[in-house]
Amino acid sequence: MTLKLTLNVNKIWATYFFSKIGYMLFANFVYGKMTTLGDTSRYFGGRTAWESDWFYSSTSMMDSFASLSGSLMGPYLGNLPFMTLSFLGVYYPLSKITLSKRQLYFVLIMLSFPSFGVWTSIASKEAVGVFYLGVILAGYIDLYERDPIKNKALFLLAVYLMLVFKAQYSIGVLALFLFTWLGRRFSLNSGLKLFTFVVAVAIGLLALYLARDIIDSLSKMMPAHFRKDAGSTRENAIWVEQYDFFKNAAYGMYIAFVGPTVHEALSKPTHMLAWIESMVILGAFGMLTLKYILTVAIRSKFNVMFICGFSLAAFWILLVHYPFGALNPGSAIRYRESFYAFLVILFFFMYRNAIVPFSTRRYSRSVNDYHDESGYGRPGSVT
């Protein structure tokens, strides 16, 4: 029975890998004929390859390795190493979670939508982003399960790449790791975890308040980085008055994740497809969240780590993504793919831990993650 299940799972992963190859070919031979594939062509050109800053400049690093890959494998197969990196960024964290075939199918379908498939199957910073965030997430799963982080060298490499490519993501990642580490290290009960979460939120808000003028000035500079003659770039109406960055943060985080507005979706077929994809993603998150809320209402207890831990990570990642995606739906969708798999797998992992019964040995170690209506964590089953 175990051998049969393993063979079936391997077939699923083989199918997913070949779907990535399919997206790589589609990107080069179809999608790339209709629009520009980001900076992929310049990476293969190696404009700044192996310059003195290649090990700390993300663009120079991409130029260096993509030009090497392209020279060895050609302009099409040169994408293969980057596609493989993104595949590993999905496979590695999911390999640490015990999943049924149905659950694995669900997660991989979520990670097979066209935008994610295209932008992470070519030589792109997004493909590298899926890799390093996937490795970091695998380390987080070890921490969550009270195990030592496996393959520390690979984990440190992933942290290094994150700091080179998207250092701003480290805020959300660090908040998630610290919150979980404190809970595990000091065996905090649910009440103390909630208190820790409140303190973390207060510290975050204080930091944003103290840096409000710097953040406001930087937001006013963002429109200069978007070409006004680009077809999808919006007129800047979001950062006009002082502190608009904060006033419009909620909408900005939403539109930077979704990409096109409804009006934009109705005006262009490609925008419509991207909008539908985003709505399906939000709908899937929403249905699982609604199911969990109903479970909480019935059982009168909730998983603190799921609610608070995921909220910390998602908030900070979406906040730092917002300036890069609010003015252009294409940029919003493309940049989103770097952290999309991280959020999907993290959500599903924590959601699954919150839903499964306490009676299973694997999850009994996380009993203090739950909070009931009396204010004390206690064992029980949540189905």
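The values are calculated or read from the model by the stated rules, or taken from the named source; none is laboratory data. Keep in mind the model is a prediction, meaning the values are calculated, not measured. All Cβ positions, even for glycine, are placed from backbone atoms using ideal geometry, and neighbour counts span all protein chains on display. Ligands, DNA and RNA are stripped out before the accessible areas are found, and what is left, the full protein with its side chains, is counted by its heavy atoms. Shrake-Rupley method; radii C 1.70, N 1.55, O 1.52, S 1.80 Å.
Mind checking whether some residue in the stretch 227-247 is within 24 Å of Phe349 (Cβ to Cβ) and either of a type outside the set (A, V, I, L, M, F, W, C) or open to solvent by less than 10 Å² (accessible area, probe 1.4 Å) (or both)? Explain how you work it out, then say what you get.
Initial filter on the stretch 227-247 (within 24 Å of Phe349 (Cβ to Cβ)): none.
There is no residue in the stretch 227-247 that is within 24 Å of Phe349 (Cβ to Cβ) and either of a type outside the set (A, V, I, L, M, F, W, C) or open to solvent by less than 10 Å² (accessible area, probe 1.4 Å) (or both).
Of the residues Ser112, Ser124, Ser170, which single one is modelled with pLDDT of 95 or more and touching a Gly at 6+ places or on another chain (Cβ under 6 Å)?
Values: Ser112 fails: touching a Gly at 6+ places or on another chain (Cβ under 6 Å); Ser170 fails: touching a Gly at 6+ places or on another chain (Cβ under 6 Å).
Only one candidate qualifies: Ser124.
Out of (1) over 27 Å from Leu94 (Cβ atoms); (2) under 22 Å from the mean Cα position of the chain (by Cα), what's the single condition that is false for Met24?
(1)
Name the one entry in Ala256, Ala202, Ala249 that is small (Gly, Ala, Ser) and free of Cβ contacts under 8 Å to residues at least 40 places away in the same chain.
Working: Ala256 fails: free of Cβ contacts under 8 Å to residues at least 40 places away in the same chain; Ala249 fails: free of Cβ contacts under 8 Å to residues at least 40 places away in the same chain.
From the options Ala256, Ala202, Ala249, the qualifying one is Ala202.
If you check Met305, Met253, Met287, which single one turns out to be open to solvent by less than 80 Å² (accessible area, probe 1.4 Å), farther than 22 Å from His321 by Cβ and within 23 Å of the chain's Cα centre (by Cα)? Steps first, please.
On the way: Met253 fails: farther than 22 Å from His321 by Cβ; Met287 fails: open to solvent by less than 80 Å² (accessible area, probe 1.4 Å).
Exactly one of Met305, Met253, Met287 is open to solvent by less than 80 Å² (accessible area, probe 1.4 Å), farther than 22 Å from His321 by Cβ and within 23 Å of the chain's Cα centre (by Cα), namely Met305.
What is the residue count in the stretch 308-336 for residues that are open to solvent by 30 Å² or more (accessible area, probe 1.4 Å) and charged (D, E, K, R)?
1
Restrict the check to the stretch 257-277 and report whether at least one residue is modelled with pLDDT of 95 or more, closer than 30 Å to Leu143 by Cβ and either surrounded by 16 or more Cβ atoms within 10 Å (Cβ to Cβ) or not β-branched (Val, Ile, Thr) (or both).
yes
Conditions: (1) open to solvent by 50 Å² or more (accessible area, probe 1.4 Å); (2) over 16 Å from Val320 (Cα atoms); (3) charged (D, E, K, R). Lys193 meets all but one. Number of the miss?
With respect to (1) open to solvent by 50 Å² or more (accessible area, probe 1.4 Å); (2) over 16 Å from Val320 (Cα atoms); (3) charged (D, E, K, R), Lys193 is out only on (1).
Tell me which helices (runs of 4 or more DSSP H) are completely within the stretch 44-156 and hold 3 or more residues being farther than 18 Å from Phe17 by Cα and either open to solvent by 40 Å² or more (accessible area, probe 1.4 Å) or out of contact with any His (no Cβ under 9 Å at 6 or more places or on another chain) (or both), or say none if there are none.
Values: elements: 58-77, 80-94, 101-110, 114-119, 125-144.
Those helices (runs of 4 or more DSSP H) span 58-77, 125-144.
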